[in-house]
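A quick write-up on the structure given underneath.
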Amino acid sequence: MTTLPDFRLETHFSKWEFKARHHLTASDAQSMSLGDLLAMAAPEDRAGFEQMWLGYTETYGAPDLREQIARTYVGQAAQNILCFAGASEGIFAANAVLLDKDDHAIVITPNYQSHESLPVSICSATGVPLDPQDGWSLDIDRVAAAIRPNTRLLTMNFPHNPTGAILPLDRYQALIELCRRHGIYILHDEIFNGLGPSDAVHLPFIADLYERGLSLNVMSKSYGLPGLRVGWIAAQDTALLSRMERLKHYLSICNSGPSERLAMIALKNRAQILARNCATVDENMPRWEAFFGRYPELFEWRRPDGSCMAYPRYKGKDGVEAFARDLVEQSGVLVLPSSIYSSDLGPVPEDHFRIGLGRHGLEEGLAAFEAHLMRNGH
Ligand SMILES: Cc1ncc(COP(=O)(O)O)c(C=O)c1O
């Protein structure tokens, strides 16, 4: 088995996530306590949680949970859903099952690293960059130019980590048509779908539009429940799901039973939870906008289309790596510099940093950020 490279983002978080005083770069919405989630439960769901048998569960996921997940799509049924331990296991399984050493993959850059490192560890891959001059959008002609006779998979993620960009609908449809003509699977990481400013317009899920589309989703981000470790892939191609299910026997085997009950409760209260999390983004957006507005010589701000992240540009002479390092080491404020998002498949901008808009308590972190800038003569 090929040795995988260090996962830069997760390695950085291992060092800082629980140590930095102000985590201003989270990609997940504000979480909630077990008590708060259970307070939303119908009596029978609460009883289902409290009285549950702590044995193994089904590898595909609990049947009622798969049905509930299927209801978040337009045209999927329980048989179109395979559950995973978080989104990460789904990314691993999709790449392992779809790709062989003689295949070719197209990867949109920058990206959440497993979307690049996993295909690169299996086969040849071409990176197609998002264009910062075009609202971090994707040039479909560049994707077309990257296609080879053996291209098997294209991987993308909208709303996008780290920029918060959403691909315009007409380009999304053009991309699907292009892949359809060439028989290419699309793994679409849709884990920020439903999250963003309240006026965000989200893309339809790919499993509903494309027979070779894999819709990756999870409780971690838009729902703010990463501790449940419940994710899934929805797809029309049930034979492919079955191959991934067999691979899952080598991985987590099944979800945590209590987490399945809790995910059920959250999905039954989906609209309420998403509205709560989007409201937090709405509250935090003007705070960040006012902050960046005070330092136009230092930062270039772009409002994200969706998700609870943004990727402003840093214009200071010291460069964003030194800036982000000093910020966390001297003032306990954590942001993610561009190096975390570097790619082996081509250049990506090196002067940006990721910030978060999804958590409570931003004012305190921003005050520490601002104090840091003042101490450094800005
Ligand atoms: C785009 C993207 N995909 C997948 C994941 C992994 O999600 P999970 O924690 O549910 O495994 C993350 C986590 O940050 C992410 O940002």
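The values are calculated or read from the model by the stated rules, or taken from the named source; none is laboratory data. These figures come from a predicted structure and were not determined experimentally. Neighbour counts run over all protein chains shown; Cβ positions are idealised from the backbone, glycine included. The protein model used for the area step is the full one, side chains on, heavy atoms only, and it has no ligands, DNA or RNA in it. Shrake-Rupley method; radii C 1.70, N 1.55, O 1.52, S 1.80 Å.
Where is the GNM fluctuation largest for the chain (alpha-carbon springs, 10 angstrom cutoff): Thr109, Thr280, Thr72?
With Cα springs under 10 Å in the chain, the top fluctuation among Thr109, Thr280, Thr72 is at Thr72.
What whole number of Å gives the distance from the Cα centroid of the stretch 330-373 to the Cα centroid of the stretch 53-126?
Comparing the Cα centres of the stretch 53-126 and the stretch 330-373, I get a distance of 28 Å.
How large is log10 I(q)/I(0) at q = 0.06, 0.07, 0.10, 0.14 Å⁻¹ when the Debye formula is applied to the Cα atoms of the chain, each weighted equally and without solvent?
Values returned for q = 0.06, 0.07, 0.10, 0.14 Å⁻¹ are -0.22, -0.31, -0.63, -1.24.
How many nm separate the modelled label positions at Leu169 and Glu289, each set 7 Å beyond the Cα in the direction of the Cβ?
2.4
Kindly work out what percent of the DSSP beta bridges joining two residues of the stretch 44-269 are antiparallel, to the nearest 5.
Approximately 35 percent, going by the DSSP bridge assignments.
Give me the distance between the Cα centres of the stretch 238-276 and the stretch 148-206, rounded to whole Å.
Answer, in whole Å: 21.
What does the charge count around Lys248 come to, taking other residues whose C-beta lies under 12 Å from its C-beta (Lys +1, Arg +1, Asp -1, Glu -1)?
-1
Compute the distance in nm between two label points, each set 7 Å from the Cα along the Cα-to-Cβ direction, one at Ser342 and one at Arg21.
3.1
Compute the signed sum of charges (Lys and Arg +1, Asp and Glu -1) over the other residues within less than 15 Å, Cβ to Cβ, of Leu38.
Combined, the nearby Lys, Arg, Asp and Glu give -2.
Can you give the relative contact order of the stretch 44-269 as a percent, counting alpha carbon pairs under 8 Å and 6+ residues apart?
Computed over the stretch 44-269, the figure is 29 percent.
Enumerate the helices in the chain for which the Kyte-Doolittle hydropathy averages 1.0 or more and the C-alpha atoms extend at least 18 Å along the helix's axis, using complete DSSP H runs.
Passing helices, by number: 86-98.
In the neighborhood of Arg325, defined by Cβ-to-Cβ distances under 12 Å, what is the net charge if each Lys or Arg adds +1 and each Asp or Glu adds -1?
Within the 12 Å Cβ shell, the charges total -3.
Considering only protein heavy atoms, with the full assembly of protein chains and a 1.4 angstrom probe, order His115, His22 by accessible area, largest first.
In descending accessible area the options line up as His22, His115.
If you count only protein heavy atoms with a 1.4 Å probe, what accessible area per residue comes out for the chain, rounded to a whole Å²?
41
Per DSSP helix of 4 or more residues, -39500 (n - 2.57); summed, then divided by the residues of the chain. What does that give at 222 nm, rounded to the nearest 500?
Estimated from H runs of four or more residues: -12000 deg cm²/dmol.
For the stretch 44-269, what % of the accessible area comes from carbon and sulfur atoms, probe 1.4 Å?
Carbon-and-sulfur percentage of accessible area, whole number: 51.
Can you give the extra length, in nm with one decimal, that the chain gains between Leu4 and Glu297 once fully stretched, where that is 0.36 nm per residue apart less the Cα-Cα distance?
Additional length available on full extension: 101.5 nm.
For the stretch 44-269, build the convex hull from the C-alpha positions and give me its volume per residue in Å³.
116
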